[in-house]
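The values are calculated or read from the model by the stated rules, or taken from the named source; none is laboratory data. Treat the numbers as computed from the prediction; the structure is a model and nothing was measured. Here Cβ is always computed from backbone atoms with ideal geometry, including for glycine, and neighbour counts include all displayed protein chains.
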């Protein structure tokens, strides 16, 4: 297994825990306050991680294109988190999580449009199946 695949599975596992422990942490407080507290912990953890694992010389390799792209990513992440926290505060974690994971469809199309990544028949069929599952789980009468 390629390292990036292992990292993706680890990301999946931690993301699954994130939703449930966040819902527990939101008990009795607003989604906005919960998000602010969580973001402080994320900031501190990532800063410590970078301090230990990013060579100081790497900072000098940053370009304005890097900073702009990562800055835009930060803005879209913040918007995603705001709506995610509002959704899990009011709704069912399992349903919110599956709808949120539908974001891979947007990433797939944007990667095709902006990064020239290919969408193979296998990927298209698998994506259609995941989308169908997402609709089945999210649809309530």
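Residue-wise test of (1) surrounded by 11 or more Cβ atoms within 10 Å (Cβ to Cβ); (2) within 25 Å of residue 17 (Cβ to Cβ); (3) touching a residue at least 24 places away in the same chain (Cβ under 8 Å).
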site	(1), (2), (3)
93	yes, yes, yes
99	yes, yes, yes
112	yes, no, no
115	no, no, no
120	no, no, no
125	no, no, no
132	no, no, no
139	no, no, no
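Looking at the stretch 43-102, what helices (runs of 4 or more DSSP H) fall wholly within it and have at least 1 residues that are out of contact with any strand residue (DSSP E or B) (no Cβ under 6 Å at 6 or more places or on another chain) and within 24 Å of residue 14 (Cα to Cα)?
Output list reads 64-90, 93-101.
Go through (1) surrounded by 11 or more Cβ atoms within 10 Å (Cβ to Cβ); (2) modelled with pLDDT of 95 or more for residue 84 and report which single condition fails.
Looking at each condition in turn, residue 84 falls short on (2).
State yes or no: is residue 20 closer than 20 Å to residue 75 by Cβ, surrounded by 10 or more Cβ atoms within 10 Å (Cβ to Cβ) and within 16 Å of the chain's Cα centre (by Cα)?
Against the criterion (closer than 20 Å to residue 75 by Cβ, surrounded by 10 or more Cβ atoms within 10 Å (Cβ to Cβ) and within 16 Å of the chain's Cα centre (by Cα)), residue 20 does not qualify.
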